[in-house]
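This report concerns only the one structure given below.
The values are calculated or read from the model by the stated rules, or taken from the named source; none is laboratory data. Remember, it's a predicted structure, so these values are computed and weren't measured experimentally. Positions of Cβ are backbone-derived with ideal geometry, glycine not excepted, and every protein chain shown enters the neighbour counts. Side chains are part of the model used for accessible areas, which takes the heavy atoms of the whole protein and leaves out ligands, DNA and RNA. Shrake-Rupley method; radii C 1.70, N 1.55, O 1.52, S 1.80 Å.
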Amino acid sequence: YTPFEVAAQTFTGTTTMTDVVAATLDISGNIDIDGTTNLDVVDIDGAVNMATTALVTGVLTTTAATVFNGGFASNAASTITVGDNTAGLTLTCTDTDTAAGPILDLLRNAGNVPGDDDFMGLIRFRGDNTNTGEIHTFASVQAKAIDVSAATEDGRLFFNVVQGGALTEFARMEGGVGVIFNEDSNDLDFRVESNANANALIVDAGLSHVGINR
């Protein structure tokens, strides 16, 4: 068959076309695509309703806020970037009752039998130093499961701050032990300040003594 042109024609029944090349295609009804469709650019003015999974193998870019009414799951590392000092991530709970909310879980779920002394989570406070492009950790909070035996679990929480370029443990809280300051025997003073005295109580690490109202 030789090429032909149809001008101003309305098809009301079922039309099967194996290869269509059109500069402009205006469809006012529904489109049902059973096979694979390769579209370079799609401009959709209205809503898109997808009843099954949408697979995007490239980059998905949105120019406005994206609302997930059913939540979402990310299976890879994700980054949230903001260009100002506003909160990069906000957890909002709209429930009003005596239960805690909102809740942030750091869940380590290995899918097998856990082990004692497994690290459970790490929060790092990071930023640039004077070396161009070098990111440094200035403080961190880290949790550890000391004992994972059911009904006798014990945990440990570390509070670390960088000192002299090295991340140093300042304090820890440990189940079955209590609160420990300066576990690694560094030159770290412990000081309690009152309303009128900067050294109402002080543990001087360098002198290895305790002072009151010094």
Region 78-93 residues that are modelled with pLDDT under 95, paired with ones that are of a type in the set (S, T, N, Q) (beta carbon under 8 Å, 6 or more apart): GLY88/THR81
Any pair with Cβ under 9 angstrom, 6 or more apart, that starts in region 171-188 at a residue that is outside any loop (DSSP other than H, G, I, E, B) and of a type in the set (D, E, K, R) and ends at one that is modelled with pLDDT of 95 or more and open to solvent by less than 30 Å² (accessible area, probe 1.4 Å): ARG172/PHE158
Odd one out for VAL67, checked against (1) aliphatic (A, V, I, L, M); (2) part of a loop (DSSP other than H, G, I, E, B); (3) surrounded by 10 or more Cβ atoms within 10 Å (Cβ to Cβ): (3)
Whichever residue in region 162-183 is among the aliphatic types (A, V, I, L, M) and farther than 30 Å from THR130 by Cβ and, among such residues, is most open to solvent (accessible area, probe 1.4 Å): VAL179
Region 118-144, residues that are open to solvent by less than 80 Å² (accessible area, probe 1.4 Å) and acidic (Asp, Glu): ASP118, GLU134
Lone qualifier among LEU106, LEU91 - being in a loop (DSSP other than H, G, I, E, B) and in contact with a strand residue (DSSP E or B) (Cβ under 6 Å, 6 or more places away or on another chain): LEU106
